[in-house]
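J.: The structure follows.
The values are calculated or read from the model by the stated rules, or taken from the named source; none is laboratory data. Keep in mind that what you see is a predicted model, and the values were worked out from it rather than measured. Here the Cβ positions follow ideal geometry from the backbone for every residue, glycine too, while neighbour counts run over all protein chains shown. For the accessible areas, the whole protein counts, side chains as well, though only heavy atoms, and no ligand, DNA or RNA atoms are used. Shrake-Rupley method; radii C 1.70, N 1.55, O 1.52, S 1.80 Å.
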Amino acid sequence: LELDGAIEKIAQTLVTKTSALFIGRGVLYPIALEGALKLKEISYIHAEGLAAGELKHGSIALIDEQMPVICLAPMNELFEKTLSNLK
């Protein structure tokens, strides 16, 4: 509840988008898949969940200035690798 304002701000930037990518690594990959599924279910827009380390294998071509990428980064030894993929 303390994050309501921040979440609303993010939601305002996403409301006009027609698709989104969710990326996650390790145990967060299935959560990225679920996040994409939930976005599809509630908004009827295109969304995909991807393994963060797999972006270089074609999916990166989908990303432009209009494509929001929601990154689920683990707070462990995989954080730096995930951050590198996000950049």
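J.: Which residue pairs have Cβ atoms closer than 8 Å, lie 6 or more positions apart in sequence or on different chains, and pair a first residue in segment 22-40 that is touching a residue at least 60 places away in the same chain (Cβ under 8 Å) with a second residue that is part of a strand (DSSP E or B) and among the hydrophobic types (A, V, I, L, M, F, W, C)?
T.: 23/50; 23/51; 23/69; 23/70; 23/71; 23/72; 25/51; 25/72
J.: Then there is this: Evaluate the following for residue 12: is it exposed (fewer than 12 other Cβ atoms within 10 Å of the Cβ), in a helix (DSSP H, G or I) and of a type outside the set (A, V, I, L, M)?
T.: Here the answer is yes, as residue 12 does meet what is asked.
J.: Further question: I need a count of the residues in segment 53-74 that are surrounded by 12 or more Cβ atoms within 10 Å (Cβ to Cβ) and assigned to a helix (DSSP H, G or I).
T.: Residues meeting the conditions: 5.
J.: Now a separate question. Every residue in segment 34-52 that is buried (at least 17 other Cβ atoms within 10 Å of the Cβ) and in a helix (DSSP H, G or I), please. Please lay out each step first, then the result.
T.: Initially, segment 34-52 is screened for residues buried (at least 17 other Cβ atoms within 10 Å of the Cβ), giving 35-36, 39, 47-52.
Across segment 34-52, the qualifying residues are 35, 36, 39, 52.
J.: While we're on this one: So residue 7 passes all but one of these: (1) open to solvent by less than 90 Å² (accessible area, probe 1.4 Å); (2) part of a helix (DSSP H, G or I). Which condition number does it fail?
T.: (1)
J.: Taking only pairs six or more apart or across chains, which ones have beta-carbon atoms under 6 Å, a first residue in segment 51-76 that is of a type in the set (A, V, I, L, M), and a second residue that is part of a loop (DSSP other than H, G, I, E, B)?
T.: Short answer, once both residue conditions are applied: 52/25.
J.: Please pick out the residue among 9, 17, 40, 56 that is of a type in the set (D, E, K, R) and in contact with a His (Cβ under 9 Å, 6 or more places away or on another chain). Can you show your working first?
T.: Values: 9 fails: in contact with a His (Cβ under 9 Å, 6 or more places away or on another chain); 17 fails: in contact with a His (Cβ under 9 Å, 6 or more places away or on another chain); 56 fails: in contact with a His (Cβ under 9 Å, 6 or more places away or on another chain).
When all the criteria are applied, what remains is 40.
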